[in-house]
Amino acid sequence: MHWQAAPHVEAKLIRCTRGAIWDAIIDLRPDSPTYTKHLGVDLTADSGRALYVPEGMAHGFVTLEDECEVSYQMSEYFEPSAARGVRWNDPSFGIAWPLSDPILHPRDAAYPDFVKEERN
């Protein structure tokens, strides 16, 4: 689950242009009424649906078919020093992923547990 920290926050528009994915977003905006809540949706090439990911949200997906293709449109250029992440199965979020043992990049598997910010 990835996002970029300020001042490089980004919004994204995600589409699956071949195959099928299950896409998840987590609200990480501390002042939001949906802080730490998540949304998961199926995106398929056949449906043509897209998912808008607002600034301040973490984003990740899992492929549901072989040979998937995913298209991202982003509001900000990638800035490696601003890259942040949380583990896909962090218990803080309770996401019911459709796969229990996905193939992960080592960086994604090693993210620490999320620490919730206190609200004022």
Against the globular-protein guess of 2.2 N^0.38 Å, express the Cα radius of gyration of region 1-111 as a ratio, rounded to two decimals.
1.03
Could you do me a favour and compute the accessible area per residue for the chain, 1.4 Å probe, result in Å²?
62
Whole-angstrom Cα spans of region 6-59 along principal axes, big to small
36, 22, 11
Alpha-carbon Rg with Dmax, taken over region 27-88, Å
13.5, 39
For region 46-120, take every pair of Cα atoms, bin their distances at 10 Å starting from 0, and report each bin as a whole percent.
12, 42, 39, 7, 1
Heavy-atom accessible area of the chain with neighbours in place, 1.4 angstrom probe: carbon+sulfur share in percent works out to 51
Say we join alpha carbon atoms closer than 10 Å with springs in a Gaussian network model of the chain; which of ARG107, ARG84, ARG49 then has the biggest fluctuation?
ARG107
For every helix of n ≥ 4 consecutive DSSP H residues, a contribution of -39,500 (n - 2.57) applies; sum these over the chain, divide by its total residues, and give [θ] at 222 nm rounded to the nearest 500 deg cm²/dmol.
-500 deg cm²/dmol
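The values are calculated or read from the model by the stated rules, or taken from the named source; none is laboratory data. The structure displayed is predicted, hence computed values, not measured ones. The area values use the complete protein model at the heavy-atom level, side chains included, leaving out ligands, DNA and RNA. Shrake-Rupley method; radii C 1.70, N 1.55, O 1.52, S 1.80 Å.
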